[in-house]
2 protein chains.
Amino acid sequence: MEVKTYGLICPITKACELLESRWTIPILAEIWSGSSRFNDIRRGVGNISSALLSKRLKEMQANGLIERVDDPATGGVEYVRTEMAVALEPTLNSMAVWAQRFIDADVAVSDTNIAALIWKLRRSVIATELPQRRVVMRFHFSDPNLDFDTCWLLAQPGSEVELCTSVPDFDVDLFVETTVKSISAILMARSTVSREVDEGRLFLSGDARIIKSIGKWLRESDYADIEGIATV
Amino acid sequence: MEVKTYGLICPITKACELLESRWTIPILAEIWSGSSRFNDIRRGVGNISSALLSKRLKEMQANGLIERVDDPATGGVEYVRTEMAVALEPTLNSMAVWAQRFIDADVAVSDTNIAALIWKLRRSVIATELPQRRVVMRFHFSDPNLDFDTCWLLAQPGSEVELCTSVPDFDVDLFVETTVKSISAILMARSTVSREVDEGRLFLSGDARIIKSIGKWLRESDYADIEGIATV
DNA sequence: CAGTATCCGATGCGATACTG
DNA sequence: CAGTATCGCATCGGATACTG
């Protein structure tokens with residue numbers, strides 16, 4: 001992108017010139033969350049086209065925010081943060097705290113992209129807190145007009161949690177029946193599992209031990225303990 | 001603007017949805033710097049059309065960032081920060097520090113809008129540090145193709161510094177001959193007056209006392225003492 | 001897996017002119 | 001002073017298809 005400058009004598013504004021083009025900060029945040037491969041980043045930010053992602057990554061490289069490195073081990077390409085991007089983390093974290101305090105809960109949990117939601121959900125499962133065997137969880141979202149409404153998470157000791165959008169060949173240990181908004185609210189710390197269950201927006205069935213320990217294996221939002229946070 | 005959401009489970013990204021549309025943060029920064037009137041804000045951010053400024057101010061109001069109040073004293077309209085916007089200040093200040101450390105000096109001081117520059121210059125003059133009489137300063141910029149190349153600052157005890165772009169009816173006490181880039185670098189703390197003078201990019205003539213005390217009456221950038229700041 | 005290549009529609013935004 | 005009204009172009013970016 002031909003950077004459209006503001007031409008102001010103001011460092012904040014200069015930072016904006018690097019950061020405010022659409023998707024730049026979500027991409028940074030996704031890389032911080034652990035993604036480094038092109039398609040992981042793409043899935044994490046949900047809606048971006050590969051053409052645009054490619055373009056943005058190049059710009060961010062040119063601006064010194066990320067580095068593109070070939071990974072000889074896997075033969076793939078990795079995108080990693082530069083020192084400059086690492087140094088920005090505290091700033092964006094304080095922005096996150098601000099958002100949690102001041103942005104209305106209904107605004108914050110609306111319009112969620114389901115593809116990004118389940119990708120985030122996958123990362124929110126702490127496999128080591130589950131029974132140390134294969135655990136299969138099925139999530140069904142009752143919202144109308146979704147691109148898809150069911151996904152499965154497979155946790156196995158010693159490997160990453162796997163996300164499937166087609167029926168896996170295993171028995172399901174936990175059934176979750178809910179809505180996109182409820183899961184969004186939980187993952188954004190704007191509600192809790194027990195609250196959604198109590199209000200009849202989330203139903204759990206299956207392995208009782210897994211249900212009982214959901215508070216342990218479902219990761220809390222990093223921003224769960226901010227004071228003054230608004231709930232749905 | 002129909003807010004284009006990202007649909008992600010991420011507070012940072014939610015903040016971006018409110019903040020990243022063009023001009024929003026520069027407007028906020030300008031209000032922090034002391035402007036509250038429509039046309040002051042407009043001049044402060046330099047290039048925005050009144051139509052777009054009007055639109056942005058409405059959106060920012062709707063998002064809870066600013067309040068529009070009628071000032072019965074003057075009959076005018078004032079735009080003031082809400083608590084939400086005040087709470088964002090530390091975040092944006094840390095972004096400014098980041099920009100000063102990591103954005104290359106040449107990038108930071110290029111493309112300066114001259115209208116915004118002289119408006120900022122006006123605010124950088126500390127009138128109480130000047131001789132307590134009328135002081136007239138003439139700035140001439142030798143850059144080619146400027147919309148205008150000369151401006152005058154009038155300081156008088158007890159009133160705000162005035163900015164003129166046409167010849168005032170007073171004798172000039174201080175002549176400044178320089179470039180947009182040099183003044184930009186000084187106001188952005190990417191250089192100093194003495195350095196620009198030494199390098200032959202800034203010439204001062206006129207009242208010797210005023211020249212000698214320029215370090216006192218020309219305000220330092222708020223971000224002057226950041227470590228690792230790059231100079232031009 | 002990690003991108004390119006094209007297409008095209010929406011709209012952001014700058015420019016200009018006008019108003020109470 | 002504090003905006004509206006209108007216009008029109010550039011371009012942003014989403015969709016889709018294709019590639020080594």
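The values are calculated or read from the model by the stated rules, or taken from the named source; none is laboratory data. What you see is a predicted model, and the numbers here were worked out from it, not measured in a lab. A quick note on method: Cβ atoms are made from the backbone with ideal geometry, for glycine too, and the neighbour counts reach across all protein chains shown.
Looking only at the range B:57-86, count how many residues are assigned to a helix (DSSP H, G or I) and within 17 Å of B:GLU17 (Cα to Cα). Walk me through how you get there before you give the answer.
Kept after step one, since they are assigned to a helix (DSSP H, G or I), are these residues of the range B:57-86: B:57-62, B:83-86.
Next, only the ones that are within 17 Å of B:GLU17 (Cα to Cα) stay: B:57-62, B:84-85.
Number satisfying all stated conditions: 8.
Does any residue in the range B:212-232 that is within 13 Å of chain A (Cβ to nearest Cβ) come within less than 9 Å, Cβ to Cβ, of a residue that is of a type in the set (Asp, Glu) and in a loop (DSSP other than H, G, I, E, B) six or more places away or on a different chain, and which pairs are these?
B:ALA230/B:ASP104
Looking for whichever is within 14 Å of chain B (Cβ to nearest Cβ) and touching a residue at least 40 places away in the same chain (Cβ under 8 Å) here; the options are A:LEU130, A:LEU92. Which one fits? Quick ask: steps written out before the conclusion?
On the way: A:LEU130 fails: within 14 Å of chain B (Cβ to nearest Cβ).
Only one candidate qualifies: A:LEU92.
Inside the range A:1-32, can you point out the residues that are over 20 Å from B:GLU17 (Cα atoms) and outside any loop (DSSP other than H, G, I, E, B)?
Within the range A:1-32, A:PRO11 is the sole residue that qualifies.
B:GLY7 is checked against (1) within 15 Å of DNA strand D (Cβ to nearest atom); (2) over 17 Å from the mean Cα position of the chain (by Cα); (3) small (Gly, Ala, Ser); (4) more than 7 Å from every other protein chain (Cβ to nearest Cβ) and fails just one. What number does that condition carry?
(4)
Filter the range A:26-46 down to residues that are within 12 Å of DNA strand D (Cβ to nearest atom) and β-branched (Val, Ile, Thr) and give me whichever is nearest to A:VAL69 (Cα to Cα). It would help to see each step written out before you state the result.
To start, the set of residues in the range A:26-46 that are within 12 Å of DNA strand D (Cβ to nearest atom) comprises A:26-27, A:38-39, A:42, A:45-46.
Right, trim to β-branched (Val, Ile, Thr) and you get A:27, A:45.
Details: A:ILE27: 17, A:VAL45: 21 Å.
Looking at the filtered set, the residue picked out is A:ILE27.
Per-residue answers, yes or no, for (1) touching a Ser or Thr at 6+ places or on another chain (Cβ under 6 Å); (2) aromatic (Phe, Trp, Tyr); (3) at pLDDT 95 or above:
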site: B:THR24; (1), (2), (3): no, no, yes
site: B:ASN47; (1), (2), (3): no, no, no
site: B:GLN61; (1), (2), (3): no, no, yes
site: B:GLU67; (1), (2), (3): yes, no, yes
site: B:ALA87; (1), (2), (3): no, no, yes
site: B:LEU92; (1), (2), (3): no, no, yes
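Would you check if A:GLY7 is surrounded by 21 or more Cβ atoms within 10 Å (Cβ to Cβ), at positive phi and within 11 Å of DNA strand C (Cβ to nearest atom)?
Working: surrounded by 21 or more Cβ atoms within 10 Å (Cβ to Cβ): yes; at positive phi: yes; within 11 Å of DNA strand C (Cβ to nearest atom): yes.
So A:GLY7 fits the description; yes.
Tell me, which helices (runs of 4 or more DSSP H) lie completely within the range B:168-232 with 1 or more residues that are within 27 Å of B:PHE148 (Cβ to Cβ) and within 19 Å of the chain's Cα centre (by Cα)? Steps first, answer last, please.
On the way: elements: B:180-187, B:193-198, B:208-212, B:214-217.
In the range B:168-232, the matching helices (runs of 4 or more DSSP H) lie at B:180-187, B:193-198, B:214-217.
Say we look at the range B:33-56 and pick out the residues that are part of a helix (DSSP H, G or I), more than 9 Å from chain A (Cβ to nearest Cβ) and touching a residue at least 24 places away in the same chain (Cβ under 8 Å); which of these is surrounded by the fewest Cβ atoms within 10 Å (Cβ to Cβ)? Give the steps one after another, and end with the answer.
Start the filter on the range B:33-56 by keeping residues that are part of a helix (DSSP H, G or I), which leaves B:38-45, B:50-56.
Pick out the ones that are also more than 9 Å from chain A (Cβ to nearest Cβ) and you get B:38-43, B:50-56.
Those still in the list that are touching a residue at least 24 places away in the same chain (Cβ under 8 Å) too: B:38, B:41, B:43, B:52-53, B:55-56.
On the way: B:PHE38: 17, B:ILE41: 22, B:ARG43: 19, B:LEU52: 13, B:LEU53: 17, B:LYS55: 15, B:ARG56: 22.
Looking at residues that are part of a helix (DSSP H, G or I), more than 9 Å from chain A (Cβ to nearest Cβ) and touching a residue at least 24 places away in the same chain (Cβ under 8 Å), I get B:LEU52.
Would it be correct to say that B:ASP104 is facing another protein chain (nearest Cβ under 9 Å), on the phi > 0 side of the Ramachandran plot and among the charged types (D, E, K, R)?
On the way: facing another protein chain (nearest Cβ under 9 Å): yes; on the phi > 0 side of the Ramachandran plot: no; among the charged types (D, E, K, R): yes.
In short, no.
With B:GLU20, B:GLU67, B:GLU59, B:GLU78 as the choices, which residue is more than 10 Å from every other protein chain (Cβ to nearest Cβ), closer than 24 Å to A:ILE25 by Cβ, surrounded by fewer than 21 Cβ atoms within 10 Å (Cβ to Cβ) and within 14 Å of DNA strand D (Cβ to nearest atom)? Break it down into steps so the answer makes sense when it comes.
Values: B:GLU20 fails: more than 10 Å from every other protein chain (Cβ to nearest Cβ); B:GLU67 fails: closer than 24 Å to A:ILE25 by Cβ; B:GLU78 fails: closer than 24 Å to A:ILE25 by Cβ.
Going through B:GLU20, B:GLU67, B:GLU59, B:GLU78 in turn, just one is more than 10 Å from every other protein chain (Cβ to nearest Cβ), closer than 24 Å to A:ILE25 by Cβ, surrounded by fewer than 21 Cβ atoms within 10 Å (Cβ to Cβ) and within 14 Å of DNA strand D (Cβ to nearest atom): B:GLU59.
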